[in-house]
Amino acid sequence: LLESDLLILDDIGTELANSFTVSKLFQILNERALRRRSTMISTNLSPKNFRDIYSERVFSRITSSYTLVKFCGSDIRIRKKIFRSL
């Protein structure tokens, strides 16, 4: 987690968030930033929901250290299922 050139954390917010997981997420993000390692994070959470679940500390680390990009569009899994059923 700390040494890889690129870490992708996909669909953050679907796991059970508790004080241990929030603390570990901060530790990983902070250590990777200090080591200048690339990290990508995806989530369906709004910024407010993310901050409420993961704390102001984690939210601050992400918003100050990462470029936030919002992707909009329909769910590709649903579109593929509809297309297959036609």
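The values are calculated or read from the model by the stated rules, or taken from the named source; none is laboratory data. The model shown is predicted, which means the values in this text are computed figures rather than measured ones. Here the Cβ positions follow ideal geometry from the backbone for every residue, glycine too, while neighbour counts run over all protein chains shown. With ligands, DNA and RNA removed, areas are computed over all heavy atoms of the protein, side chains included. Shrake-Rupley method; radii C 1.70, N 1.55, O 1.52, S 1.80 Å.
Observations, loosely collected:
- Out of Phe71, Phe83, Phe50, sole residue that is modelled with pLDDT under 95, part of a loop (DSSP other than H, G, I, E, B) and of a type outside the set (D, E, K, R): Phe71
- Thr67 vs. criteria within 18 Å of Asp5 (Cα to Cα), within 14 Å of the chain's Cα centre (by Cα) and open to solvent by 50 Å² or more (accessible area, probe 1.4 Å): yes
- Taking each residue of region 2-13 that is on the phi > 0 side of the Ramachandran plot and looking for partners that are open to solvent by less than 90 Å² (accessible area, probe 1.4 Å) and not acidic (Asp, Glu) with beta-carbon atoms closer than 8 Å, six or more apart or interchain, yields Asp11/Ser42; Asp11/Thr43; Gly13/Thr43; Gly13/Leu45; Gly13/Asn49; Gly13/Phe50; Gly13/Ile53.
- Sole residue being hydrophobic (A, V, I, L, M, F, W, C), surrounded by 13 or more Cβ atoms within 10 Å (Cβ to Cβ) and outside any helix (DSSP H, G or I), chosen from Leu45, Leu2, Leu25: Leu45
- Verdict on Ile78 being open to solvent by 70 Å² or more (accessible area, probe 1.4 Å), in a strand (DSSP E or B) and at negative phi: no
- Residues that are closer than 27 Å to Ser74 by Cβ and open to solvent by 60 Å² or more (accessible area, probe 1.4 Å), drawn from region 8-22: Ile8, Asp10, Thr14, Glu15
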